[in-house]
1. Can you tell me which residue in region 94-108 is farthest from the chain's Cα centre (by Cα), limited to those that are of a type in the set (Gly, Ala, Ser) and more than 21 Å from Ala24 (Cα to Cα)?
2. Take the conditions modelled with pLDDT of 95 or more, over 14 Å from the mean Cα position of the chain (by Cα), under 28 Å from Gly170 (Cα atoms) and surrounded by 17 or more Cβ atoms within 10 Å (Cβ to Cβ) and apply them to Phe91. Does it pass?
3. Condition first: under 16 Å from Met182 (Cβ atoms), within 17 Å of the chain's Cα centre (by Cα) and open to solvent by 60 Å² or more (accessible area, probe 1.4 Å). Can you find one or more residues in region 137-149 that meet it?
4. So which residues in region 122-136 are in contact (Cβ under 8 Å) with a residue 24 or more places away in the chain and open to solvent by 40 Å² or more (accessible area, probe 1.4 Å)?
5. For Arg73, indicate whether it is of a type outside the set (Phe, Trp, Tyr), open to solvent by 20 Å² or more (accessible area, probe 1.4 Å), at pLDDT below 95 and more than 26 Å from Gly133 (Cβ to Cβ).
6. Could you please give the count of residues in region 18-69 that are touching a helix residue (DSSP H, G or I) at 6+ places or on another chain (Cβ under 7 Å) and either in a loop (DSSP other than H, G, I, E, B) or of a type in the set (Val, Ile, Thr) (or both)?
7. Where residues in region 156-187 are surrounded by fewer than 20 Cβ atoms within 10 Å (Cβ to Cβ) and touching a helix residue (DSSP H, G or I) at 6+ places or on another chain (Cβ under 6 Å), which of them is modelled with the lowest pLDDT?
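The values are calculated or read from the model by the stated rules, or taken from the named source; none is laboratory data. Note that the structure is predicted; figures quoted are calculated from it, not measured. A quick note on method: Cβ atoms are made from the backbone with ideal geometry, for glycine too, and the neighbour counts reach across all protein chains shown. For accessibility, only protein heavy atoms count, side chains too; no ligands or nucleic acids. Shrake-Rupley method; radii C 1.70, N 1.55, O 1.52, S 1.80 Å.
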Amino acid sequence: MTPLPNSPLAGKHIVLGVTGSIAAYKACELTRLSIKAGAEVRVVMTKSACEFVGPLTFQTLSRYPVESDLFDRRGSWRPEHISLADWCDLFVIAPCTANVIAKMAHGLADDLLSSLALACRKPKLIAPAMNVGMLENPATESNIALLRSRGIRVMETDSGELACATEGKGRMPEPAVVFAAMEEMML
């Protein structure tokens, strides 16, 4: 794959979290764009994300095994949520569900991705994806505001037809838009 010229992601380590949303397929293209820019990408999937896109897809695109189990003991002596938190330069969750946004806002860490989010001290970018009712729920709005107040970049969702056959806000931004935000964060 021919690298993109002069990308600020070249040589960077990216953890890409993928959550249980129909938009998980967009994370495949985001992985491809990041690799093409010269970044190393480690994908962490929630169990729900694995219902939408198979880990083998991300393993093939990223050239690394996909992580999803908090208690996987095949790696190094260091807990994976600590080693990946230290390894990365940028932590991205795309798509990010209302559930994971709530976990991050309230410091819950009951799976690998939420544990990594809590342990990671590097810049974070979230691309939400959910039903418009979930997005506009006061709890979700409050959680997003709280994450932003803590310095986490939460992208605005796109509007259009949603997976639930309704129209409105809640669509994950297109991979190229998320990728541009990632590059901007590494300038």
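1. Gly107
2. Taking the combined requirement at face value, the residue does not satisfy it.
3. Checking region 137-149: not a single residue is under 16 Å from Met182 (Cβ atoms), within 17 Å of the chain's Cα centre (by Cα) and open to solvent by 60 Å² or more (accessible area, probe 1.4 Å).
4. Correct list: Lys122, Pro123, Asn131, Met134, Glu136.
5. Considered against the rule, which asks whether it is of a type outside the set (Phe, Trp, Tyr), open to solvent by 20 Å² or more (accessible area, probe 1.4 Å), at pLDDT below 95 and more than 26 Å from Gly133 (Cβ to Cβ), Arg73 comes out as yes.
6. Residues flagged as touching a helix residue (DSSP H, G or I) at 6+ places or on another chain (Cβ under 7 Å) and either in a loop (DSSP other than H, G, I, E, B) or of a type in the set (Val, Ile, Thr) (or both) within region 18-69 amount to 16.
7. Gly168
The rows are residues; the columns are (1) touching a Cys at 6+ places or on another chain (Cβ under 7 Å); (2) buried (at least 24 other Cβ atoms within 10 Å of the Cβ).
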site: Ile14; (1), (2): yes, yes
site: Ala23; (1), (2): no, yes
site: Arg32; (1), (2): no, no
site: Lys47; (1), (2): no, no
site: Tyr64; (1), (2): no, no
site: Asp69; (1), (2): no, no
